[in-house]
Amino acid sequence: MGLREQIENYIPYNEQEENDKEMMLKYVDTFEDVLTRENKMCHFTASNWIVNKQRTKVLMIYHNIYQSWAWTGGHADGNANLLQVALKEAREETGLTNLKVLSDGIYSLEILTVDSHKKRGKFVPSHLHLDCCFLLEADEEEAIRIKEDENSGVKWVDINDAVEITKENNMKAIYQKLNEKLPKETK
């Protein structure tokens, strides 16, 4: 199933997701380069909400650019298989190797604003991330490590504290939503 079809079939959780889904589909239909950073206005990213088996903790990284605790994720960079992108980013940013995909397809949709910043010495203008989030499970006993060029911390956080420890105010509502949607039972 292609990316457009996955988004089209996604059932929004709330009004934010309804609006973001509509805009994502418009962007997919409007731009040919929406999967690459060549599109300076908006491009796709894939993120992860990584929980432990008991659904009591979430694995977060301390993101160097945003100077905040955050979910894992990254740019599609031409890959339309966003689950594949999400898994790659989770492994790279945390060192985890054993990840279980819990969501049947996309877990959450968000259009995120990104302020201008410098990355690896280059100016990056303000733009939008068209983000598809996936729900993953990991063993909190598995060794984790930082990815020095992207984060300076990786830790398991009580799921109720995840919203509070982020310094990014725009992410608080998103993390709260991810927790609300979380199936409580282990599979």
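Miscellaneous remarks
- The mean sequence distance of close C-alpha pairs (under 8 Å, at least 6 residues apart), as a share of the length of the range 3-181, puts its relative contact order at 27 percent.
- DSSP beta bridge pairing in the chain, given as percent antiparallel to the nearest 5: 75 percent
- Our coupling estimate for the range 7-15, obtained by passing each phi through the Karplus curve with A = 6.51, B = -1.76, C = 1.60 and θ = phi - 60°, is 5, 4, 7, 5, 9, x, 7, 8, 5 Hz, Gly and Pro reported as x.
- Each Lys or Arg adds one and each Asp or Glu takes one away; over the other residues whose Cβ falls under 12 Å from the Cβ of GLN84, this sums to 0.
- For a label point 7 Å along the Cα-to-beta-carbon line of LYS184, residues of the range 18-57 with backbone N under 19 Å: 51-57
- Here's how it looks for THR45: its modeled amide H is under 5 Å from those of ALA76, LEU130, ASP131, CYS132, which are all 5 or more places away or on a different chain.
- Computed from the C-beta positions of GLU15 and ASP104, the FRET efficiency with R₀ = 22 Å rounds to 0.45.
- FRET efficiency for the pair MET41 and ASN160, taken as 1/(1 + (r/R0)^6) with r the Cβ-Cβ distance and R0 = 41 Å, rounds to 0.70.
- Compared with the direct C-alpha span, the chain from GLN54 to ALA80 gains 6.2 nm at full extension, assuming 0.36 nm per residue.
- Toward the positive end of the charge dipole of the range 3-181, with +1 on the Cβ of Lys and Arg and -1 on the Cβ of Asp and Glu, the farthest Cα among ILE65, LEU109, VAL28 is that of ILE65.
- Across LYS119, LYS147, LYS40, mean-square fluctuation computed from a Gaussian network of the chain (C-alpha pairs under 10 Å connected) peaks at LYS119.
- Amide proton proximity set for GLU140, modelled H, under 5 Å, gap of 5+: LYS53
- Note on Cα Rg over 2.2 N^0.38 Å: of the candidates (1) 1.05; (2) 1.64; (3) 0.97, the value calculated from this structure sits at (3).
Laboratory data are not the source of any read-out in this text; all were calculated from the coordinates shown. In this text, all values refer to a predicted model and were calculated from it rather than measured experimentally. Heads up, the Cβs are rebuilt from the backbone with ideal geometry, glycines too, and the neighbour counts pull from every protein chain shown.
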